[in-house]
Amino acid sequence: MQSSTPFRRWTATVATALALVAGTAVAASPARADSPYERGPDPTNSILEASRGPFATGSQDVSSLSVSGFGGGTIYYPTDTSQGTFGAVAISPGFTARWSSISWLGPRIASHGFVVIGIETLTLYDQPDSRGRQLLAALDYLTSRSSVRTRIDPNRLAVAGHSMGGGGSLEAARSRPALQAAVPLAPWNGTKNWSTLRVPTTIIGGESDTIAPVASHSIPFYNSIPASAEKSYVELNNASHFFPQTTNTPTGKHAVAWLKRFVDDDTRYDQFICPGPSGSAISDYRNTCPLG
């Protein structure tokens, strides 16, 4: 008995030709594939602008005596264990500051489906390179020794920080390209060229910052990061260097959207990055849209 394969090929060719003649589509565009790491409901402006996201959270303190490489801190985590593991974020405060200065970010980010560790630094005067190493040490602790390690996907990690902590997040991202995202806030760093950084990075700066002026810090940092890494720059209208030290809705909203997009690979958040934030609170926004 002869194979029917030649006949099938002939009929497929004829069908394709007829469809083209008729002006109809031969194949439909594939639908967007959901990321296996999507967590939580479809995002909306109201969800992202609320003081808490859709996940209930718990917290626990980490003693400096129980860790090495950083000064302890506080862990925030979703209490829901039904949706699989979560990505994790380590966040550093700035020069002479403690975690309490930006601690609102911990539960805010965790409530959108992340495990967050807000670190205390080894000393209040640690420079950005040291803070970068401490952020990585904190992530290593989270994924290998912490009591919440089973809640974390060790392949989906990110860093963030304020001032020298923001500069430290750039250092961490450059030295560990396997990270999924970085979120420097009003970053300060003596290094201006980050052309070897490969981690998707969003920088949030304050237009009126006189300690880490955006003209000599955030903007040169942003410009030097290659577009292939994916990047964005948000400038807050008339904001000082200390905007992350009180609850700041544009900062929380954009930071969460960036982390969801690149740590969770959740394209539902593209709409908040491209075209991105606007309105009276934003004085400048730059990006590499469309996202790859």
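The values are calculated or read from the model by the stated rules, or taken from the named source; none is laboratory data. Given the structure is predicted, the values throughout are model-derived calculations rather than measurements. A quick note on method: Cβ atoms are made from the backbone with ideal geometry, for glycine too, and the neighbour counts reach across all protein chains shown.
A few comments on the model shown:
- Residue check for ALA172: within 21 Å of ASP266 (Cβ to Cβ), aliphatic (A, V, I, L, M) and either touching an Asp or Glu at 6+ places or on another chain (Cβ under 7 Å) or at pLDDT 95 or above (or both): no
- Look at (1) part of a strand (DSSP E or B); (2) over 20 Å from PRO250 (Cα atoms) and you find that ILE204 fails only one, number (2).
- Residues in the stretch 132-152 include none that are on the phi > 0 side of the Ramachandran plot and either touching an Asp or Glu at 6+ places or on another chain (Cβ under 6 Å) or not charged (D, E, K, R) (or both).
- Exactly one residue out of SER64, SER46, SER59, SER29 is exposed (fewer than 11 other Cβ atoms within 10 Å of the Cβ) and modelled with pLDDT of 95 or more: that is SER46.
Every residue, every condition in (1) in contact with a helix residue (DSSP H, G or I) (Cβ under 8 Å, 6 or more places away or on another chain); (2) surrounded by fewer than 24 Cβ atoms within 10 Å (Cβ to Cβ); (3) part of a strand (DSSP E or B), yes or no:
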{"residue": "TYR125", "(1), (2), (3)": "no, yes, no"}
{"residue": "ARG133", "(1), (2), (3)": "yes, yes, no"}
{"residue": "ALA138", "(1), (2), (3)": "no, no, no"}
{"residue": "PRO154", "(1), (2), (3)": "yes, yes, yes"}
{"residue": "GLY161", "(1), (2), (3)": "yes, no, yes"}
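- Residue list for the stretch 216-243, restricted to those being farther than 18 Å from ILE282 by Cα, part of a helix (DSSP H, G or I) and among the hydroxyl-bearing types (Ser, Thr, Tyr): SER224, SER228
- When THR249 is tested against (1) surrounded by fewer than 15 Cβ atoms within 10 Å (Cβ to Cβ); (2) under 16 Å from ARG108 (Cα atoms); (3) out of contact with any Asp or Glu (no Cβ under 7 Å at 6 or more places or on another chain), just one condition goes unmet, and that condition is (3).
- Residue that is surrounded by the most Cβ atoms within 10 Å (Cβ to Cβ) [pool: residues in the stretch 257-272 that are in contact with a helix residue (DSSP H, G or I) (Cβ under 6 Å, 6 or more places away or on another chain) and among the hydrophobic types (A, V, I, L, M, F, W, C)]: ALA257
- Residue within the stretch 83-91 that is among the β-branched types (Val, Ile, Thr), surrounded by fewer than 24 Cβ atoms within 10 Å (Cβ to Cβ) and either touching a helix residue (DSSP H, G or I) at 6+ places or on another chain (Cβ under 9 Å) or assigned to a strand (DSSP E or B) (or both) present: yes
- Within the stretch 189-201, tally of residues that are touching a strand residue (DSSP E or B) at 6+ places or on another chain (Cβ under 7 Å) and part of a loop (DSSP other than H, G, I, E, B): 2
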